[in-house]
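Colleague: Mind looking over this structure? Questions follow.
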Amino acid sequence: QVQLVESGGGLVQAGDSLRLSCEASGRTFSWYAMGWFRRAPGKEREFVAAISSTGGSTYYSDSVKGRFTISRDNAKNTVYLQMNSLKPEDTAVYYCAARFAYGSSQREADFSSWGQGTQVTVSS
């Protein structure tokens, strides 16, 4: 299994930007497709964005498309989530996840490793 540690969360105002990072260790990072999910208060965890193992393909939920960008640096074993034009409804704990495959997925069940999460709070 690959171990994942997220960072970069915080408290921001609506319209601000944040960049989340997720550093992987323990296995060859480039073997893994990666994803970001989030859980808002009182809601189930939901898909946010995903990227293939090489970074050649990306996927986004409709709620973040055009505002968030997922990227990865395989030399640094890190996946990023750049979040722009943040809204109060983006408030959630954000989790990164790894899937031992080339192609990514929007399904939680397809990811075998998860980070501990990082809190993002957007005030209005």
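Colleague: If you go through the stretch 78-105 one residue at a time, how many are open to solvent by 50 Å² or more (accessible area, probe 1.4 Å), assigned to a loop (DSSP other than H, G, I, E, B) and farther than 26 Å from residue 15 by Cα?
Modeller: 2
Colleague: Can you run down the residue pairs with Cβ atoms below 6 Å, 6 or more apart or on separate chains, where the first is in the stretch 55-74 and closer than 21 Å to residue 8 by Cα and the partner is part of a loop (DSSP other than H, G, I, E, B) and open to solvent by 50 Å² or more (accessible area, probe 1.4 Å)?
Modeller: From the stretch 55-74, the pairs are 67/84; 67/85.
Colleague: Give me the pairs, please: first residue somewhere in the stretch 89-104 and within 19 Å of residue 7 (Cα to Cα) and touching a residue at least 40 places away in the same chain (Cβ under 8 Å), second residue anywhere and among the polar types (S, T, N, Q) and surrounded by fewer than 18 Cβ atoms within 10 Å (Cβ to Cβ), beta-carbon distance under 6 Å, and either six or more positions apart or on two chains.
Modeller: Close Cβ pairs (under 6 Å, with a partner that is among the polar types (S, T, N, Q) and surrounded by fewer than 18 Cβ atoms within 10 Å (Cβ to Cβ)) amount to 91/121; 93/119.
Colleague: Right, something else. May I ask you to verify whether residue 68 is in contact with a helix residue (DSSP H, G or I) (Cβ under 7 Å, 6 or more places away or on another chain), aromatic (Phe, Trp, Tyr) and either within 22 Å of residue 121 (Cβ to Cβ) or open to solvent by 10 Å² or more (accessible area, probe 1.4 Å) (or both)?
Modeller: When the stated conditions are applied, residue 68 does not pass them.
Colleague: Every residue in the stretch 28-41 that is more than 15 Å from residue 113 (Cβ to Cβ) and modelled with pLDDT of 95 or more, please.
Modeller: Selection gives 38, 39, 40.
Colleague: Can you tell me which residue is least open to solvent (accessible area, probe 1.4 Å) among those in the stretch 106-124 that are among the small types (Gly, Ala, Ser) and under 13 Å from residue 33 (Cα atoms)?
Modeller: Checked the stretch 106-124; the qualifying residue least open to solvent (accessible area, probe 1.4 Å) is 113.
The values are calculated or read from the model by the stated rules, or taken from the named source; none is laboratory data. Bear in mind the structure is a predicted one, so any value in this text is a computation, not a measurement. Cβ atoms come from the backbone with ideal geometry, glycine included; neighbour counts cover every protein chain shown. Only protein heavy atoms, including side chains, enter the accessible area calculation; ligands, DNA and RNA are left aside. Shrake-Rupley method; radii C 1.70, N 1.55, O 1.52, S 1.80 Å.
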